[in-house]
Each structure stands twice: as structure tokens, then as C-alpha cells.
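Below is one structure; the comments refer to it alone.
Taken together, the values in this text are just the output of simple stated rules run on the coordinates, not laboratory data. Not measured: the values here are computed from a predicted model. Here the Cβ positions follow ideal geometry from the backbone for every residue, glycine too, while neighbour counts run over all protein chains shown.
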Amino acid sequence: MERVSFYKEIKRNKRNSFFLISIVLIVLLALVYSIGFALGGDYLFFILIFGTIFSLIYVVAGYYKSADLAIASVGAKKADGMEFRLYHNLVEGLSLASGLPKPKLYVMDNPQINAFASGRDPQHAVICVTTGTLEKLSKQELEGVLAHEMSHVANYDIRFMTMTAVLVGMVSIIAQMFLRSLFWSSMGGGNNRNKNSAIFMIIGILLAIIAPILVILVQLAISRKREYAADSSAVKFMRTPTGLIGALKKIKNNSEMKVSGAVAPLFLAKPNRKKEFFQTHPSLEKRIAILERM
């Protein structure tokens with residue numbers, strides 16, 4: 001079996017993520033270009049100004065409060081240094097290995113094995129684990145889970161996914177505004193258009209319908225790539241994949257695992273009941289297989 005270098009795996013997944021986000025940019029430009037030709041400059045300016053302002057206010061507010069919102073949504077409490085000494089010790093060791101500041105640590109009361117990281121940058125990062133993670137994993141497995149979450153912090157995944165969310169949001173808002181403007185213009189009788197304008201109108205309508213679906217699928221693909229990258233970075237921090245493999249196998253064997261709420265995409269793992277194409281996380285089987293080759 002061919003061995004996999006975690007350095008090459010990290011580089012490949014980051015390259016794929018930037019390729020996917022380029023697709024979102026291309027779709028956005030194509031949508032704006034088509035709408036511009038179909039409606040004219042004044043309408044395009046209106047759509048861009050209001051769509052951009054709304055998207056930025058919504059996303060920036062969530063970006064700066066991401067950690068607080070994530071912790072509050074799961075009802076987590078701050079991890080006491082005396083009660084959760086091993087938890088603190090392992091994160092301190094990983095902070096030294098990664099060169100990152102120690103994140104704030106939280107615990108959520110849940111018997112399942114899971115964890116997540118949040119925060120706009122390493123200086124404002126938090127890590128939250130379930131009580132089941134602390135109780136059911138060995139020291140090495142727990143360290144593997146924490147290394148994965150520290151990797152999300154080190155790779156600025158929250159910032160990267162926020163940027164993706166901005167682009168996806170802009171595509172959806174512009175598409176909706178375009179389709180609504182067509183509805184109201186048709187109610188008012190509309191204007192006569194030449195052949196070229198009609199062609200771009202048809203293209204604009206098709207893009208406005210298809211683009212939001214396409215960019216959401218791309219966003220899911222980017223999220224999966226970031227999970228692979230975090231797995232590889234965790235191996236770099238620990239110099240062994242054994243702990244994370246053990247933790248993922250225990251999660252895989254937990255058929256009762258449930259993840260719900262707006263923070264579900266942040267978690268270490270999600271149950272893949274649907275096809276991976278429509279999931280934020282790659283299958284546990286694939287993640288384990290790649291880690292076993294490192």
C-alpha cells in the first residue's frame with residue numbers, strides 16, 4: 001500500500017479548496033455579467049450595492065461573534081482547569097507544538113464523541129468537546145481529536161469558510177433580487193428588448209436559478225477539503241495518525257451519533273446518512289483510510 005505524506009496531503013487539499021472557491025468567483029462574475037447585459041448598468045449597480053451591504057453586515061456580525069454564538073448554541077460551559085486537567089495539559093502541549101496561543105476550552109454535556117473549534121483567528125479561538133469525548137477516548141485518541149481542532153485554528157478555516165459564505169451569500173442574494181425584479185417589471189408591462197438583450201435575459205434567468213444551488217454544492221466540497229486538511233495537519237502536530245484513527249473508529253461505531261443545530265458543520269464528524277456530495281464532512285471510512293496510509 002502506497003504511503004501518503006501529510007505534507008503533500010495538506011498542500012493538495014489547500015490547492016483544491018482554492019480551486020473550488022475560484023469556481024464560486026467565476027459563477028458570481030458570470031451571473032453579474034449576464035444580469036448587467038440583461039437589465040442595464042443602473043439595475044446592476046443597485047443589485048450590487050444593496051446585495052453587498054446586506055451580505056457584509058450579516059456575515060461580518062457572525063464572523064466576529066462566531067465563537068460566542070457557537071458556544072451559546074450548544075450550552076457549553078468553560079472547562080475548569082482542576083476538573084479537566086488532562087484536557088488542558090494536552091491542549092497546552094499542542095499549542096507548543098503548533099506555535100499557537102492556547103484557545104479557550106469548553107465542555108458540552110453530551111455522551112457522544114465529538115468536538116469543534118471556532119473563532120475568527122488563533123487569538124480568539126475556542127475548542128469545545130463533549131463529556132463523552134473526555135470519558136470514552138484514551139489519552140492518545142483525545143490528543144488526536146484536539147490536534148484536529150487545533151489544525152482548524154492553525155489553518156484559519158473559520159476565516160476561509162466565512163469568506164466562502166460571503167461569496168455564496170452574494171450569489172444567492174443577487175440571484176433572488178434579479179428574479180424578483182423580473183417579476184415586478186413583468187407586472188408593470190416591461191420594456192421592449194432587442195434580440196441580444198433577450199438572450200442575456202434568458203442566460204441571466206438560468207444562472208439565477210442554477211447558480212445558488214451550484215455554489216452551495218461547491219461550499220460543501222470546500223468544507224470537506226478543509227476536514228481532510230485538518231486531519232493531515234493533526235498528524236503533523238502529533239507525528240502519528242494513531243490517536244485520530246482510534247477516535248474516528250469509535251465515532252464510526254457509534255450508530256446513535258446525532259449532530260444538530262447551526263454549529264453542526266463545525267463538529268469533528270457528522271453521521272453521513274445522505275450521499276457525501278451533499279455533506280459538509282467526508283465519510284469516516286475515507287478519512288480513516290487516508291490516515292492509515294500516513
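Data overview
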| item | result |
| --- | --- |
| Simple spin-label estimate for SER138 and ASP80 in nanometres, 7 Å along Cα-Cβ | 2.9 nm |
| Residue exposure sequence - ILE26, ILE210 - by fewest surrounding Cβ within 10 Å | ILE26, ILE210 |
| Label-point separation in nm, LEU179 to LYS286, each point 7 Å along Cα→Cβ | 2.8 nm |
| ARG287, ARG239 arranged by Cβ crowding within 10 Å, fewest neighbours leading | ARG239, ARG287 |
| Per-pair calculated FRET efficiency, R0 = 51 Å: THR242 and ILE26 via Cβ, rounded to 0.05 | 0.80 |
| Under 12 Å, Cβ to Cβ, from GLU135 - net charge with Lys/Arg +1 and Asp/Glu -1 | 0 |
| Simple label model, 7 Å out from Cα along Cβ direction - GLU92 to ASP109, nm | 2.8 nm |
| Neighbour-count ranking [beta-carbon atoms within 10 angstrom, fewest first] of PHE116, PHE278, PHE19 | PHE278, PHE19, PHE116 |
